[in-house]
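Input: a single structure, listed below in structure tokens.
Coordinate-derived values only; no laboratory data. As the structure is a prediction and not an experimental result, all values here were calculated from the model. No Cβ is skipped: glycine too gets one built from the backbone with ideal geometry, and neighbour counts run over all protein chains shown.
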Amino acid sequence: MNSAIPDKDPAILAKAKFRDPLRTVDNQARASVRLENIETLWFNTGTLCNLTCTNCYIDSSPTNDRLSYLSIGEVDSVLDELQADWQAQEIGFTGGEPFMNPHILAMLESALKRGYRVLVLTNAMRPMMKLADGLLALREAYGDRLCLRVSMDHYASDLHELERGGNSWAPMLNGLRWLADNHFDINVAGRTLSGEDESVLRQGYGRLFAGNNIPVDAQNPGELVLFPEMDEALDVPEITTACWDILNVSPDAMMCASSRMVVKHKGDEALTVMPCTLLPYDERFRMGPTLAAGKDAVPLNHPHCARFCVLGGGSCSAG
């Protein structure tokens, strides 16, 4: 992590960070992450969402269409390349709200019938419930290879709705109960926005799950994933090559060592491969139209790289 430079104003330094892909603001070698294998391939199905959350990582909303809906043909073409050239285990679908994409059920089945585990990030509200019959058919055919991760930003309804908006709690909880009642493989994505210790958060979620017969183990980080907050107004250290040893963190543990995301930017004819789920718009991280173009090492040249992945220990995959 970059050391302080005494003769520089901290505010000026903060604005100067994350500019050079090779060097930090104090001229140290910037850390980068080499792709070992695509173990999880993400598709952003489109940024349109039925909610406008206060701190959405990628600003999804009912009007944000900066990432266009993917088609089943586009997803199939990428899955063909993945199957031929990579040893992937998992396909993830995120948005926006994936169940708003009119091709989502076909996309899920295409990935499932190829033998992949499939993870869908959803708010479990009306767009999902409108497709209940199709989801039940996929559950019947593919069992626990289909997993749905439901966003629940806090175990208390008022704090959840502070982030997600009024009248968002009851439909989410009803959708989660429906998934549980129908024996879907489910987990929950929480947030640390309340500032409570992790143990307090897990206890609170655990009480909620027990009271609603939701079979999620709140003490298991794989079943209740608590994502770090990413306030872009706060300064964050840059990550240097020396940080791996200082922090006792391995670059192989970073999302971009084992994941890529496929998106379609509004107005583009071709798809674009991005290094991770958190950087869908930054032009500096466009890797090309194919998975082969996404083999390059990723310089940790964005605040999210430090805040979420290296320092926050965050990862979007199920593993």
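Couple of notes before you dig in:
- Each principal axis of segment 1-160 carries a Cα extent, and these read 64, 45, 28 Å when sorted largest first.
- Estimated D of segment 169-232 in µm² per second, where Rh is the Kirkwood radius over Cα pairs and Stokes-Einstein applies at 10 °C, 1.306 mPa s: 128 µm²/s
- Amide hydrogen proximity for residue 149: with H placed 1.01 Å from N in the peptide plane, the residues at 5 or more positions away or on another chain lying under 5 Å are 120, 121, 122, 187.
- Counting only Cβ charges, +1 for Lys and Arg and -1 for Asp and Glu, the dipole size of segment 1-152 around its Cα centre is about 400 debye.
- The residues packed around residue 65, meaning those with a beta-carbon under 15 Å from its beta-carbon, carry a net charge of 0 if Lys and Arg are +1 and Asp and Glu are -1.
- Residue 23 long-range amide H proximity, modeled H, under 5 Å: 30
- Relative to the dominant Cα principal axis of the chain, helix 198-211 is inclined by about 10°.
- Rounded to 10°, Cα long-axis angle of helix 169-181 versus longest principal axis of the chain: 60 degrees
- Hull volume in cubic angstrom per residue (convex hull over the Cα atoms of the chain): 132 Å³
- Per-selection Rg to Rh, segment 216-288 - Cα, Kirkwood hydrodynamic radius: 1.04
- Sorted into 5 angstrom bins from 0, the C-alpha pair distances of segment 116-219 split as 2, 12, 23, 25, 19, 11, 6, 2, 0 percent.
- Whole-Å distance, taken between Cα centres, linking segment 215-269 and segment 11-72: 10 Å
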